[in-house]
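A.B. asks: Could you have a look at this structure, given as structure tokens, before my questions?
The values are calculated or read from the model by the stated rules, or taken from the named source; none is laboratory data. The structure presented is a predicted model; accordingly, all values stated were derived computationally and were not measured. Virtual Cβ from ideal backbone geometry, glycine too; neighbours counted across all protein chains shown.
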Amino acid sequence: MSIVRTDILSHGTLDVRDADVSAKFYTEFLGLEVRRNSSRSMWILKKSEQRRDLFLVCVGVGEKLKPQSRVNRYILDFASKEEIIRAYELAHEYQDTYQISAIEPVAEEGDGCSLILQDLDQNWWELKFQACATFESAFNP
């Protein structure tokens, strides 16, 4: 039992240099839904029927942008290794279009694999496939 009571972990915040430019990367490359709520901010999310939605609020801070640590990254789950390998190829193909700063090689992890890349705002993203859904089993017993 907690001291304070909350119903749900709602969202986190992500800094972006330019909301318009970043929105293209989120929608066109990562396939996330973007909902603009002001000229310099937006919400990004990926709907799922299996669990409650978690979303990120993106706030345009211009040149005050501070790089995010690679350890602090956002993870998107994929259905197969083939999708991760294809995402790696597409990241290279569209690197200039979406100003992707860094693309690491696909890392094999047992039955799974992942691709880590850094976006134009110096935020890190991990595109991941796990044969057993670790987070689903941890939070949905």
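A.B. asks: Of the residues 83, 104, only one is among the acidic types (Asp, Glu) and at pLDDT 95 or above; which?
C.D. replies: Selected residue: 104, the only one of 83, 104 that is among the acidic types (Asp, Glu) and at pLDDT 95 or above.
A.B. asks: Continuing with this model, one more query. Collect the residues in the range 101-125 that are touching a helix residue (DSSP H, G or I) at 6+ places or on another chain (Cβ under 7 Å) and in contact (Cβ under 8 Å) with a residue 24 or more places away in the chain, keeping them in residue-number order. It would help to see each step written out before you state the result.
C.D. replies: Step one: list which residues in the range 101-125 are touching a helix residue (DSSP H, G or I) at 6+ places or on another chain (Cβ under 7 Å), which gives 103, 106, 113-115, 117, 119-121.
Within the range 101-125, 113, 114, 115, 117, 119, 120, 121 qualify.
A.B. asks: Hey, any hits in the range 44-55 for a residue that's surrounded by fewer than 15 Cβ atoms within 10 Å (Cβ to Cβ), in a strand (DSSP E or B) and either touching a helix residue (DSSP H, G or I) at 6+ places or on another chain (Cβ under 9 Å) or modelled with pLDDT under 90 (or both)?
C.D. replies: Looking for residues that are surrounded by fewer than 15 Cβ atoms within 10 Å (Cβ to Cβ), in a strand (DSSP E or B) and either touching a helix residue (DSSP H, G or I) at 6+ places or on another chain (Cβ under 9 Å) or modelled with pLDDT under 90 (or both), one finds none in the range 44-55, hence no.
A.B. asks: Follow-up question, since we're still on this one. Looking at the range 1-26, I want the residues that are modelled with pLDDT under 65 and have a partner that is outside any strand (DSSP E or B) with Cβ atoms under 7 Å, at least 6 apart or on another chain. Which pairs are those?
C.D. replies: 8/52; 9/54
A.B. asks: Look through the range 90-124, keep the residues that are touching a strand residue (DSSP E or B) at 6+ places or on another chain (Cβ under 8 Å) and among the acidic types (Asp, Glu), and return whichever of them is surrounded by the fewest Cβ atoms within 10 Å (Cβ to Cβ).
C.D. replies: That would be 104.
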